[in-house]
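First comes the structure, then the notes that go with it.
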2 protein chains.
Amino acid sequence: MTTARLPTVAVDVVIFTIDEDELKTLLVQVKKGPFAGRWAFPGGLVPSGESLDTTARRELREKTGIHDVYLEQLYTFGEPNRDPSAHVVSVAYFALVSRPVRLPADDPKYARVEWRPVRKLPRLAYGHNALAEYALTRLQAKIGYSNIAYSLLPAEFSLAELQAVYEAILGRRLDRRNFRKRVLQLGLVRALSKQRRGPHRPAALYAFARRTPVLTE
Amino acid sequence: MTTARLPTVAVDVVIFTIDEDELKTLLVQVKKGPFAGRWAFPGGLVPSGESLDTTARRELREKTGIHDVYLEQLYTFGEPNRDPSAHVVSVAYFALVSRPVRLPADDPKYARVEWRPVRKLPRLAYGHNALAEYALTRLQAKIGYSNIAYSLLPAEFSLAELQAVYEAILGRRLDRRNFRKRVLQLGLVRALSKQRRGPHRPAALYAFARRTPVLTE
DNA sequence: GCAAAAGTGTTGAGATTACACCCATGC
DNA sequence: GCATGGGTGTAATCTCAACACTTTTGC
């Protein structure tokens, strides 16, 4: 690790999913360098000629195997001391994946890879705790005026499941009647003429009206 | 200009001011390279060891001589083809200055420097038109839920002057009574016991309650 | 006294919140 | 038949937008 004449550019991705009604993020355990043993969000250097979004998607594919996810740029952190070994300018992204995918058994780059509740993170490497806060705040705001929750759910779902996603993200309970009124009135979802059968009264199934990002107000 | 093995990092700053009730931005005319003769927003490379905010403030000081401004990071553009001569990752900022400062007669780096209405920009170098749109959208949203307009006004001002700033940014007229009610009720400004005398009825003067960034809701 | 900008409240519509009971199913 | 989650409407409150006349000054 030598100090370059100019900063290098990296992309770091906060990957969210909902697992057991809890909002979790994917952490990797750093193998080498001054932060060896500490956890962080996955990331990697941006090679010349590759766009930032492409690097982020590649990182995501390598870590989770998933390609079709929601991805949004968050903020760029450029303080020179976050990584003591070099000045790395880190472009942060957040991503939403619909389920906690099976993780590759051994990644050559990281000691371990785990899904961890975003509200109980340890002290992270590279000042990534600030990044986690930033990502959560943005996500909480954005589900309020967009349809991006579609990327956290399968094609068909009950309104109770949709509400559980919102509650996991916001960290508080919502009123069921107001919630249903809202998402239907906004045209966020459309009813399928299907039901899910379970141990209790069957739930009507719904699908998102659009599975591409749309702002709703 | 050689193609580096890794992208370099630059900061570009959209500097806004209000001049003659119009929202303007500072443009520089590029002297060299493939975009010679075209206009762009001022910017510069980030040296190793300097934070992005510091680079942005330095750029601002060099171009306008002003230090005490509002500065906020906007977005990072990383498409490799924006500058055909090298892959430059550009971290965009926007800044607000209270008046169109006198510009240095000759900058070694730029052919000319001018304040231009943000809604009548020419085709800019480095894909900067997208940046202008992005900055304006953010600014319009942000004056709605923060006090950052303080940085576009002197210490004392009339409510009509404050309203003119909001109208210049939003590009539409506002209702005077609703506007006054709003800013007073939010505690955004406080009345001074002073008046400005002019050709007509004197206007009561106000000051911002706080001259540091605060979100109002 | 007249031209020009400053100052001032009320009303209606729409949006948001709070809240409680019946329904359909599996066991 | 009972336990469990699914499904539904209304009333009160708050927020936001629309709107017109009087006041104060310089000339």
### Test: A:Pro108 is surrounded by fewer than 14 Cβ atoms within 10 Å (Cβ to Cβ) and modelled with pLDDT under 95
yes
### Message
Please go through the stretch A:28-70 and give me each residue that is more than 14 Å from every other protein chain (Cβ to nearest Cβ), of a type in the set (D, E, K, R) and touching a helix residue (DSSP H, G or I) at 6+ places or on another chain (Cβ under 9 Å), ordered by number.
### Response
A:Arg38, A:Asp68
### Task
Identify all residues within the stretch A:69-96 that are under 30 Å from A:Tyr150 (Cα atoms), β-branched (Val, Ile, Thr) and surrounded by fewer than 23 Cβ atoms within 10 Å (Cβ to Cβ); write none if there are none.
A:Val69
### Query
Taking A:Ala132 and the conditions (1) in the same structural domain as A:Asp19 (by TED's automatic domain parsing); (2) modelled with pLDDT under 95, which numbered condition does it fall short on, given that it satisfies the others?
(2)
### Message
Please go through the stretch A:197-217 and give me each residue that is free of Cβ contacts under 8 Å to residues at least 40 places away in the same chain and near DNA strand D (Cβ under 10 Å from one of its atoms), ordered by number.
### Response
A:Gly198, A:Pro199, A:His200, A:Arg201, A:Pro202
### Within the stretch A:72-99, considering residues that are within 7 Å of chain B (Cβ to nearest Cβ) and touching a residue at least 60 places away in the same chain (Cβ under 8 Å), the one nearest to A:Thr54 (Cα to Cα)
A:Val91
## Note on the structure
With the first residue restricted to the stretch A:116-144 and required to be farther than 15 Å from A:Val91 by Cα, and the second required to be of a type in the set (Asp, Glu), Cβ contacts under 7 Å at 6 or more apart or on different chains are A:Pro117/A:Glu22
### Task
Return yes or no: is B:Arg119 within 14 Å of another protein chain (Cβ to nearest Cβ), of a type in the set (Lys, Arg), under 14 Å from the mean Cα position of the chain (by Cα) and more than 12 Å from DNA strand D (Cβ to nearest atom)?
no
### Summary
Filter the stretch B:16-42 for residues that are charged (D, E, K, R) and in a strand (DSSP E or B); the one that is farthest from B:Glu62 (Cα to Cα) is B:Glu22
### Message
If I filter the stretch B:59-77 for residues that are in a loop (DSSP other than H, G, I, E, B), under 23 Å from the mean Cα position of the chain (by Cα), closer than 25 Å to B:Arg210 by Cα and of a type in the set (D, E, K, R), do I get at least one hit?
### Response
yes
### Message
So if I check each of A:Arg173, A:Arg119, A:Arg210, A:Arg123, which one is in a loop (DSSP other than H, G, I, E, B), in contact with a strand residue (DSSP E or B) (Cβ under 9 Å, 6 or more places away or on another chain) and of a type in the set (D, E, K, R)?
### Response
A:Arg123
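The values are calculated or read from the model by the stated rules, or taken from the named source; none is laboratory data. Please read all numbers here as calculations on a predicted model, not as lab measurements. Virtual Cβ from ideal backbone geometry, glycine too; neighbours counted across all protein chains shown.
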